[in-house]
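The values are calculated or read from the model by the stated rules, or taken from the named source; none is laboratory data. Computed from a prediction, not measured in an experiment: that's the story for all the values here. With ideal geometry, Cβ positions are generated from the backbone for all residues, glycine too; neighbour counts draw on all protein chains shown.
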Amino acid sequence: MRKAIRNLTAGHPMPYRGRTYSLEIRKTLDKPQVKIDGDRLTVNFYKEHPEVPVQVPLVKWYRRKSQHYIISRTAYWSEEMGLSFNKIFIKDQDSRWGSCSSLRNLNFNWRIIMAPDEVIDYLLIHELAHLKEMNHSTAFWKLVAQYDPEYKLHRQWLKDNGKAIFLLLPKLPVSLLDSIFFHVD
């Protein structure tokens, strides 16, 4: 199993949809929240909040942002491609970016939200294409190329940058994430 970066400190670069933000950690009397503020990804801890590693609200924020973005973009690409799916699940797989089941369910790793938008779109198109071609045949890749002519570049981006993304934040149990309250803007 992979080991994430143990201690994220202020100033650490945090990717989101292809941009890099500088991590800012604040103790404040304001509501506990995670938000983008200019070129910073800010985590506000309420002063009285019990000690929580900064990774917990960050994972919660990334998961929420991923869910909203992936659902809207999958709906867009599903309509563009004329393909329908059953359900979307946002998961925390150890090494997969996504998958498509025989039940027409689409599974996506929340970490993909750290990639540029065009790479996210490639992943969505890739998994949607499996609804028509449940393999990686020539017909499958032609379908992917029809909607993402630069898919080879986007696929390579994932190969080149995937390990760093997977190592940035730890895999956390959903029960832990649910037990900590942070506003997610």
Unmet requirement for GLN93, which otherwise passes all of (1) surrounded by 15 or more Cβ atoms within 10 Å (Cβ to Cβ); (2) at pLDDT 95 or above; (3) more than 30 Å from THR28 (Cα to Cα): (2)
Strands (runs of 3 or more DSSP E) lying entirely in segment 87-185 (those with 1 or more residues that are hydroxyl-bearing (Ser, Thr, Tyr)): 98-100
Residue in segment 135-147 that is touching a Phe, Trp or Tyr at 6+ places or on another chain (Cβ under 6 Å), of a type in the set (Ser, Thr, Tyr) and over 22 Å from LYS60 (Cβ atoms) present: no
Residue match in segment 130-147 (condition: touching a residue at least 12 places away in the same chain (Cβ under 8 Å) and in contact with a Leu (Cβ under 8 Å, 6 or more places away or on another chain)): yes
Considering residues of segment 133-162 that are within 14 Å of GLU80 (Cα to Cα) and not aliphatic (A, V, I, L, M) only, the residue surrounded by the most Cβ atoms within 10 Å (Cβ to Cβ): ASP148
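The rows are residues; the columns are (1) more than 16 Å from the chain's Cα centre (by Cα); (2) at pLDDT below 95; (3) of a type in the set (D, E, K, R); (4) within 23 Å of LEU172 (Cα to Cα).
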site: TRP97; (1), (2), (3), (4): no, no, no, yes
site: LEU106; (1), (2), (3), (4): no, no, no, yes
site: ILE112; (1), (2), (3), (4): no, no, no, yes
site: GLU118; (1), (2), (3), (4): no, no, yes, no
site: LEU131; (1), (2), (3), (4): yes, no, no, no
Entirely in segment 1-62, the strands (runs of 3 or more DSSP E) that have 2 or more residues that are surrounded by fewer than 17 Cβ atoms within 10 Å (Cβ to Cβ) and at pLDDT below 85: 19-28
Single residue of LEU103, LEU128, LEU168 found to be loosely packed, with under 15 Cβ neighbours inside 10 Å and either of a type in the set (A, V, I, L, M, F, W, C) or under 27 Å from SER84 (Cα atoms) (or both): LEU103
Filtered residues of segment 70-90 (kept if among the aromatic types (Phe, Trp, Tyr) and surrounded by fewer than 16 Cβ atoms within 10 Å (Cβ to Cβ)): TYR76, PHE89
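Okay, residues lined up against (1) within 10 Å of the chain's Cα centre (by Cα); (2) farther than 20 Å from VAL119 by Cβ:
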| position | (1), (2) |
| --- | --- |
| PRO53 | no, yes |
| LYS65 | yes, no |
| ILE70 | yes, no |
| ARG73 | no, no |
| TYR76 | no, no |
| GLU80 | no, no |
| SER84 | no, yes |
| LYS87 | no, yes |
| ASP92 | yes, no |
